[in-house]
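Have a look at the structure below, then the notes.
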Amino acid sequence: MVECLVVGIGGFIGSVCRYLIGLIPVREGWIFPVKTFLINIVGAFVIGMIAAATVKNSTLSPRLVLFLKVGVCGGFTTFSSFALETGDLIQSGNARLALLYAVLSMAAGVAAVFAGEAVIR
């Protein structure tokens, strides 16, 4: 039960941070979903750092790791928004931009995980 609270508190923090970033204005007429893209890449970088720190330092509290990885990062990043925005781009006739967004998100996300791990190593 404590683990559920730990994840819930972390999820609250991550979700509120994502919401606040969503309030940042972007240039009008910009079709590319830059905020979700950046949120997901930053989240991937941070979770990579956490994963590497966990391997490097076995004394980290499992609850702290759960709080950060599942709670904060899980609440902060958003695959559902990514999927919705990709679908919206396709439906609005921007299939090439949707493909670019999907490929960039996956490639940059994986690269960000490796970069986060490298920073900690």
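If the chain linking VAL119 and LYS56 were pulled fully straight, counting 0.36 nm for each residue of separation and taking away their Cα-Cα distance, it would gain 21.5 nm. Using bins of 10 Å that start at zero, the share of Cα-Cα pairs per bin across the range 38-121 amounts to 19, 41, 25, 12, 3, 0, in whole %. Split the accessible area of the chain by element, probe 1.4 Å, and carbon with sulfur accounts for 73%.
For the range 61-105, the solvent-accessible area with a 1.4 angstrom probe is 59 square angstrom per residue. If I fit a long axis through the Cα atoms of helix 95-120 and take the longest principal axis of the Cα atoms of the chain, what angle between them do I get, 0 to 90°, rounded to 10? So the helix axis and the longest Cα principal axis differ by about 20 degrees.
Taking the alpha carbon gyration tensor of the range 1-92, multiplying each eigenvalue by 5 and rooting it gives semi-axes of 29, 14, 11 Å, largest first. The angle between the Cα long axis of helix 79-91 and the longest principal axis of the Cα atoms of the chain comes to about 10 degrees, rounded to the nearest 10. Net length available on complete extension from ARG27 to GLN91 is 20.9 nm, with 0.36 nm assigned per residue and the Cα-Cα distance removed. Computed with a 1.4 Å probe over protein heavy atoms only, the accessible area of LEU97 comes to about 50 Å².
The values are calculated or read from the model by the stated rules, or taken from the named source; none is laboratory data. Quick caveat: nothing in here was measured; it's all calculated off a predicted structure. Ligands, DNA and RNA are stripped out before the accessible areas are found, and what is left, the full protein with its side chains, is counted by its heavy atoms. Shrake-Rupley method; radii C 1.70, N 1.55, O 1.52, S 1.80 Å.
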